[in-house]
1. If you add up the charges near Thr257, with Lys and Arg at +1 and Asp and Glu at -1, over every other residue whose beta carbon is less than 13 angstrom from its beta carbon, what do you get?
2. Using r as the Cβ-Cβ distance of Phe369 and Thr537, and R0 as 51 Å, what FRET efficiency do you calculate, to the nearest 0.05?
3. Can you tell me how the range 196-317 classifies by the Cα gyration tensor, rounded, prolate or oblate, using a/c under 1.5 as the rounded cut?
4. Over the residues of the range 419-554, compute the C-alpha Rg and express it relative to 2.2 N^0.38 Å.
5. If neighbour count is taken as other Cβ atoms inside 10 Å, put Cys510, Cys340, Cys500 in order from fewest to most.
6. What does the charge add up to near Thr133, with Lys and Arg as +1, Asp and Glu as -1, over the other residues with Cβ less than 15 Å from its Cβ?
7. For every helix of n ≥ 4 consecutive DSSP H residues, a contribution of -39,500 (n - 2.57) applies; sum these over the chain, divide by its total residues, and give [θ] at 222 nm rounded to the nearest 500 deg cm²/dmol.
8. Taking Cα atoms of the range 242-283, Rg/Rh with Kirkwood Rh, to two decimals?
Amino acid sequence: MFRSRLFSLIKKYPKFFTPQRIFKDMAAGFIVAFIAIPLSIALGIASGVGPTEGLVTAIVAGFFVSLLGGSDVQIGGPTAAFVIIVYNIIQQYGTSGLLTATVIAGILLIIMGILKLGNLVKYFPYPIITGFTSGIAVVLFSTQINEFLGLRLQNIPSEFILKWEIYFQNLHHTNITTLLIGLSAIYIINFLPKKLKKFPTPLFAIIILTIIATYFNLNIETVGSTFANLGKQSLFKFQMPSTSLQTIMNLIPPAITIALLAGLESLLSAVVADEKILKKHASNTELIAQGIANFASSIVGGIPATGAIVRTSANINSGAKTPISGITASLFILLISLLCMDHLKLIPSTVLAAILFGVAFRMFDFKAFKDILKAPKSDTMIFMTTFLLTVFIDLIYAIQIGMLFAAISFIKRMSDTTDIYSLEAKHLKGLNSNDIDLIKSLKGISIFEISGPFFFGTTATILEFINNNKNDKAMILLMSKVPTIDSSGYYALLKIHRKCIDTNTKLFLCQIQRQPLKMLKKYGFIEILGRKNFAITLHSAIIKAQKYTQENNIL
């Protein structure tokens, strides 16, 4: 059920949602706005659009995430995870293609929330998440070298290796002034005295270094030199997505990637927030809100958005308790954008590159690489494959192939947990003494125990084992350790039954758990085998098999 946290909290007015609480949340939102502004500008430019698109995303998407979301303190906006996706879409399909892909992604997120798929995101494999985000960090870092060094290169190829070849070939064109300003930004952001750290260091770096660059009229690239029309156009650009069926079909794969990434990152951010504020977010509501936020952001000129972990953490650390802080942050960003648009032109591009270097550094999972030899080989393969494909090929393929490898690895692991064996002397542990004596005295009756999931990954092994064993007058399959069975498992059972008919062997099943029994009932296997051939206990199954063999001998 869709339940906005803001509307739920308003019902508690004035018990919890007091004027004092609102004022504190507004103060927190003011701080978050100053953190979000430089990041939004930098991410907008890095994505291949512009600073205003980044700001619009922070304003519109951030507003709707807080207004309609399922978390008390989630802050929405552009994030580094989308930079490469957005850049690649624009290169192939232009800004209109990005709009269409984001609209489709927004619709997909809403559908995911309605279908209550929010809880499924937690099953996304960790090696893929870390490999993907670390790969994006490397690519994001590489995209900022041109601005950081002041190389002023045009038409830089998107391929990672070709990009770095051009960088190395043009290192002698490095603008020393640009480099010094960039290094100064890194120093301010990371080593600013603790007394000043309450003020957002990226914003502090922008203000100080912009003043220096302007006052001394330094010969360096600025936002204004890259975006000449900045300030001359309206902040919001209303547009409609493409209705071309061919365009929509082409954009579905990247749209799915945007939707999955937005859903994953927003819910991960919400989980991090839950741990800090000791509350639980509504995951499906959050997905719907993210979908609406992306839809709304795209039609007014924004880019894909999601919950931002860093800004959400800053929101909590600033004392926020309700979504009012996020709404306030969006309104402050809007106000500052309208009043200071002309001043954005003066920001040195190298300072924004330095800010994104910091973002890339935080995204890169150094611990994952440090622990790479400790992880299972399959996890290492998934992690490295996703990472390398993200960096050198394409992040969409990285996720798809990473998920494929993860699925194969999961099937292999599940298959390894399933076993089948004959109940002989070495496999009688755990049975009562009467059953053990009874089994040891059996003649003409085979007892096989299946342990583990009976699904498509294990049917071949089970069938091969049974086919390689002698055909007795009766066969008992003990299934007390089979928690689940799929359609492949059912058809394997049907093959076993038909083999028993061909060899004149009577099949008995015993101790079937709830899910397998429900599955067999749906397929009508109860009637096919016969109800009398099912037993609740192993002892009763043995008695039935003995009775059958005795009658068979008489006949």
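Read-outs: derived from the displayed coordinates by stated rules, not from any lab. None of the values given here were measured: they were computed from a predicted structure. Reconstructed Cβ throughout: ideal geometry from the backbone, glycine too, with neighbour counts over all protein chains shown.
1. Working: positive: none; negative: Glu265, Asp394.
Result for the neighbourhood of Thr257: -2.
2. Working: r = 53 Å, r/R0 = 1.04.
Result of the calculation: an efficiency of 0.45.
3. Numbers: a/c = 2.87, a/b = 1.20, b/c = 2.38.
Taking the square roots of the gyration eigenvalues as a ≥ b ≥ c, the range 196-317 is oblate.
4. So the Cα radius of gyration is 0.98 times the expected 2.2 N^0.38 Å.
5. Values: Cys510 23, Cys340 11, Cys500 19.
With the fewest neighbours first, Cys510, Cys340, Cys500 line up as Cys340, Cys500, Cys510.
6. Numbers: positive: Arg362, Lys367; negative: Glu265, Asp365.
In short, 0.
7. Numbers: 24 runs with 355 residues, N = 555.
Computed ellipticity for the chain at 222 nm equals -21000 deg cm²/dmol.
8. Numbers: Rg = 15.7 Å, Rh = 12.2 Å.
Reported Rg/Rh, Kirkwood definition of Rh: 1.29.
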